[in-house]
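Working notes, beginning with the structure itself.
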Amino acid sequence: MPRLVLTAVFTGPEEYSTLVYYPWPIIRFAELWLNYAEALNEYSGPSQEVYDALNMVRSRSFVPDVEDVWSDPTLAKTVDKHTTKEGLREIIRQERSIELAFEGNRYYDVRRWKEGAKYFAEPVKGWSVDESALNKFYVVRDVGQRSFITPRDYQHPIPMDEMIINSNLVQNPGW
């Protein structure tokens, strides 16, 4: 596992007295299972191998297996959703959202799934917290407008410095 600098104590001009290292995970094992399940579903559709990969993640939290939950009409709104490629794709995306919440993956997942226009072109919502009247406090309102231009924003622009270094590079479309 890579070791990164946690902190450095500055003691004088261009001099550090202590570097403290700690292990930093590059990727979690649960993410590998989810990536595997997603790739396998896209390649060949639902199979026991895909279910097993999802169940490896779910079993850590004592959550019942995918096949059991999505086959039970008392638990699933859409029974047997896991038996179609599209249904299992939605289930895998939901599992990723839950398992990898607050880990910085959603932005890249949404872009990879080509759903950026659906999620990133909406106004940013927030609470009004600087109000003096109680009835105006914690009211959901628009706090900013985002834009996401399809297909341009699915790729980042190549930095100009890189374009100068390598004249054979061609800028990504729209940039």
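The values are calculated or read from the model by the stated rules, or taken from the named source; none is laboratory data. Predicted, not measured: the structure shown is a model, and the values here were computed from it. Methodologically, a virtual Cβ is constructed for each residue, glycine included, from the backbone with ideal geometry; neighbour enumeration extends over all protein chains shown.
Going by the conditions given, is S97 of a type outside the set (K, R) and not assigned by TED's automatic domain parsing to the domain that holds V63?
So S97 fails the test.
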On the basis of being outside the structural domain of P46 (by TED's automatic domain parsing), free of Cβ contacts under 8 Å to residues at least 24 places away in the same chain and among the small types (G, A, S), does G104 make the cut? no
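Looking at the structure I just gave you, is V170 modelled with pLDDT of 95 or more and either in contact with a helix residue (DSSP H, G or I) (Cβ under 6 Å, 6 or more places away or on another chain) or not small (G, A, S) (or both)? Show your work before the answer.
Working: modelled with pLDDT of 95 or more: yes; either in contact with a helix residue (DSSP H, G or I) (Cβ under 6 Å, 6 or more places away or on another chain) or not small (G, A, S) (or both): yes.
Taking the combined requirement at face value, the residue satisfies it.
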Can you pull out every residue in segment 130-155 that is under 23 Å from the mean Cα position of the chain (by Cα), of a type outside the set (S, T, Y) and exposed (fewer than 10 other Cβ atoms within 10 Å of the Cβ)? G144, Q145
Matching residues in segment 20-58 (surrounded by 14 or more Cβ atoms within 10 Å (Cβ to Cβ) and aliphatic (A, V, I, L, M)) number 9
P46 meets each of (1) out of contact with any Ser or Thr (no Cβ under 7 Å at 6 or more places or on another chain); (2) farther than 30 Å from Q145 by Cα with one exception, condition (1)
Out of F102, F10, sole residue that is at pLDDT below 95 and either closer than 30 Å to K118 by Cβ or touching a Ser or Thr at 6+ places or on another chain (Cβ under 7 Å) (or both): F102
Only one of V140, V129 is more than 27 Å from R89 (Cα to Cα) and either modelled with pLDDT of 90 or more or among the basic types (K, R) (or both). Can you tell me which? V140
Mind telling me which of the residues E38, E49, E42, E67 ends up being modelled with pLDDT of 95 or more and closer than 11 Å to E95 by Cβ? E38
